[in-house]
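S.K.: Submitted below is the structure of interest, expressed as structure tokens.
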Amino acid sequence: MSMQAALPVALIPGNSFIHKVNPITKIVWVIGYIVLAFSTQNIYILYGMALFAFLLAPLAGVTKPLLKGALILVPIGSSLLALQIIAPAVEQPWTPVASLGGFTIYGDGLYYGLVLLGRIVASLLIALVMVMTTHPSDLFTSLAKLKMPYTLNFMLAMTLQLIPVFQREVGIIMSAQKSRGMKGSGFAAVLPSFVPVFVGAIERVQQLSISLESRGFGSDGMKTSFRQVRSRPSDWIIGIVGAAIFIGLSIISIMKGLWSLAHVIVFPGTFVLWLFIIAAATFAGVIIVTLIYAFKK
Amino acid sequence: MSDPIIRFDNVTFGYSGTEVHALESISLEIQPGEYVAILGLNGAGKTTLGLCVNGVIPIMLGGNLEGTVTVDGLNVGDYPVREMAKIVGMVFDNPEFQMSQMSAGEEVALGLENAGIPYEEMKRIIPETLALVGLAGFEERSPLGLSGGQQQRLAIAAVLAMNPKILIMDEPTSNLDPIGKQEVFDMAAKLNRENGMTVLVIEHEVEVMAKYADRVIVMDGGRIVMNGTPQEIFGQVDALAELKLRVPESAEVASILKSRGMWNGPIPITTEPAIAAVNELLGAKS
Ligand SMILES: Nc1ncnc2c1ncn2[C@@H]1O[C@H](COP(=O)(O)OP(=O)(O)OP(=O)(O)O)[C@@H](O)[C@H]1O
Ligand SMILES: [Mg+2]
């Protein structure tokens, strides 16, 4: 079983320009994205960032897995928009633009919903592109270079490594319990297998730490490193240019009172109404499909 | 004779939280360059004995330890396990629990990185060591994606790369096919002969031990009950049977012949002398 099969999000091996960018440069970009996304309410900036991140995917050859990873945005996005349209998380007074049954539909709710969603979409997409193009070991080697405490770094790396192991173990124990006649499906079936998996995890971690110390592993870190992470001039340029753009736009945004265009962009009432119906229906659809799937299993 | 590289001086040990002693009054000397096999039933204390050599007992696994263990002149217990790692390499019995890295290459690199081996040397040592255990070209493979036997080979490589003076292997070939087993023991024999590496193997397969070991130690209930050359140990078929332990098949057959008065020579414990013995018997008949 490989990492790729077990983890929904993992490195997609490749040789693209983006794969070769230094992990620290990528971290600068991800942090820059998040900082800017949360210091602006300008939806042009937010969706521009999302679009840019999305356009990196074909360059790195990770479009398909990126879309797969971004599927999580469907329930998040639809519920977020539907909720914001009927109950905006902004201060009153709200501008009603239409009504549907007992619900009043608000235009500023839609704008703020799009801001919240844009932040999530932009940050998630750039993070996915980074994870899918960076070898975890290179990432951890780089973090170690940034003086991230070695043991913490190692624990992070280990956790990543252990996720597929535990997934597999839950599977094995569940089928063992089924073969012993235990019935049930869904959460009720998974629950009893947590105990043996948990006990197994403790034993595994103890044995692993014995094995590691027996190979000279200690809290003072590696003295040399097998993985060589290069930083080329282009890595510096991309990192510095990125940082400048993100910091610049963040400062401008904050000076402009988060640069909200809620009163500039006016959505037509019927448009908001239809969007609400579509979002609510999509979210309901997701829930129904999930329930059907869970019961069938 | 030179100073022993491993010395147990009246060692008794019980894991914390247990009543019984896992080791009982163990006194033992192993000389540098010896190839020693340890034999015993489940729970006899073999793994515990190995853990006392690299310092996991008493440093990491606590309990009640009496007596002293000296390894390469150092009093075990005075040094952290990671210090002892420079002298003692230990391969544990569960290969999957020894995998911690994203790739086989990094798994082998781990010990080297801790020892401060320069990158250029690692680049040479890692493929060499992987090839030595039959995993040439496996550098980029995920350790968790390997078969049980391949994981055992990788666990051995991860320890061998550090070039320890003492190599302890705890049931290192339980997942390996017959040819794989032979390869591992041939490799250990080569390191033993050519580099003078002291080898301690915990192993259930008596044929393998009879062929490779200089000395066989039999444990039972935490004690060393027999200690001698393979010839001395496996010749005592009845004594081993009493301990519920097998002997090599050739020794078993020979001892039956002996009890019926059909064979008077030494008990053959490996295949070649057994064949010679059979030829001698047949020659005498015709
Ligand atoms: N971590 C532990 N905590 C408590 N008791 C233990 C621990 N490990 C082993 N023991 C006990 O110590 C005794 C010796 O165990 P040990 O693992 O050394 O046996 P072994 O000869 O290696 O057996 P096997 O062939 O099954 O590997 C057993 O009675 C065992 O139950
Ligand atoms: Mg054991």
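Computed from the coordinates by the stated procedures, all read-outs in this text should not be read as laboratory data. Predicted model, so just to flag it, every value in this text is computed and none were measured. Here the Cβ positions follow ideal geometry from the backbone for every residue, glycine too, while neighbour counts run over all protein chains shown.
S.K.: Which of A:ASN42, A:ASN22, A:ASN153 moves the most in a Gaussian network model of chain A with Cα springs under 10 Å?
M.R.: A:ASN153
S.K.: Which order do A:HIS19, A:HIS263 fall in if you start with the one that has the fewest other Cβ atoms within 10 Å? Numbers along the way, then the final one.
M.R.: On the way: A:HIS19 19, A:HIS263 10.
Arranged by neighbour count, lowest to highest, A:HIS19, A:HIS263 become A:HIS263, A:HIS19.
S.K.: Over chain B, with a Gaussian network built from C-alpha contacts below 10 Å, which listed residue (B:LYS46, B:LYS123, B:LYS86) shows the highest mean-square fluctuation?
M.R.: Residue with maximal mean-square fluctuation among B:LYS46, B:LYS123, B:LYS86: B:LYS123.
S.K.: Okay, moving on. List, largest first, the extents of the alpha carbons of chain B along their principal axes, each in whole Å.
M.R.: Projected onto its principal axes, the Cα set of chain B covers 67, 45, 36 Å.
S.K.: Just to check I understand the Karplus step: with θ = phi - 60° and J = 6.51 cos²θ - 1.76 cosθ + 1.60, what whole-Hz values come out for segment A:67-79, glycine and proline as x?
M.R.: 4, 4, x, 7, 4, 4, 6, 5, x, 4, x, 5, 5
S.K.: Pick from A:ALA53, A:ALA122, A:ALA244: which is most flexible by mean-square fluctuation in a GNM of chain A where alpha carbon atoms under 10 Å apart are linked?
M.R.: Between A:ALA53, A:ALA122, A:ALA244, it is A:ALA244 that shows the largest mean-square fluctuation.
S.K.: Can you classify segment A:226-288 as rounded, prolate or oblate using the Cα gyration tensor, where a ≥ b ≥ c are the square roots of its eigenvalues, rounded means a/c under 1.5, and otherwise it's prolate if a/b beats b/c and oblate if not? Spell out each step's value before the answer.
M.R.: Values: a/c = 4.84, a/b = 1.68, b/c = 2.88.
Oblate.
S.K.: Take the alpha carbon gyration tensor of segment B:128-286, find the square roots of its eigenvalues, order them as a ≥ b ≥ c, and report rounded if a/c is under 1.5; if not, report prolate when a/b exceeds b/c, else oblate.
M.R.: Prolate.
S.K.: Follow-up. Looking at the square roots a ≥ b ≥ c of the eigenvalues of the Cα gyration tensor of chain A, which shape do they give, rounded for a/c under 1.5, prolate if a/b is larger than b/c, or oblate?
M.R.: oblate
S.K.: Got a sec to turn the phi values of segment B:73-78 into Karplus ³J(HN,Hα) couplings, 6.51 cos²θ - 1.76 cosθ + 1.60 with θ = phi - 60°, whole Hz, x for Gly and Pro?
M.R.: Working through the residues one at a time gives x, 9, 7, 4, x, 8 Hz.
S.K.: Got a sec? How would A:MET132, B:MET84 order by Cβ neighbour count within 10 Å, fewest to most? Could the numbers behind the result be given before it?
M.R.: Values: A:MET132 23, B:MET84 27.
Placing the least packed residue first, the sequence is A:MET132, B:MET84.
S.K.: With the dipole of the protein assembly as shown worked out from charges on the C-beta (+1 for Lys and Arg, -1 for Asp and Glu) around the Cα centre, which of A:LEU152, B:GLY137, A:PHE52 lies farthest toward the positive end?
M.R.: The Cα lying farthest towards the positive end belongs to A:PHE52.
S.K.: Count, for each residue of B:106-114, the Cβ atoms from other chains sitting within 10 Å of its Cβ, then give me the mean as a whole number.
M.R.: Details: counts 6, 1, 2, 6, 7, 5, 7, 10, 11.
What the average comes to for B:106-114 is 6.
S.K.: Taking only the Cα atoms of the protein assembly as shown, how large is their convex hull per residue, in Å³? All intermediate terms of the calculation are to be shown ahead of the outcome.
M.R.: Working: hull volume 127.8 nm³, N = 583.
Dividing the Cα hull volume of the protein assembly as shown by its residues yields 219 Å³.
S.K.: Also: Relative to the Cα centre, what is the charge dipole magnitude of the protein assembly as shown, using +1 at the beta carbon of each Lys and Arg, -1 at the beta carbon of each Asp and Glu, and rounding to the nearest 20 debye?
M.R.: Numbers: 40 positive and 46 negative charges, 515 e Å.
The dipole of the protein assembly as shown has a size of about 2480 debye.
S.K.: Straight-line reach from A:LYS223: which lysines fall under 28 Å, measuring Cα to Cα and dropping same-chain residues less than 8 apart?
M.R.: Within reach: A:LYS20, A:LYS26, A:LYS145, A:LYS147, B:LYS86, B:LYS123, B:LYS165.
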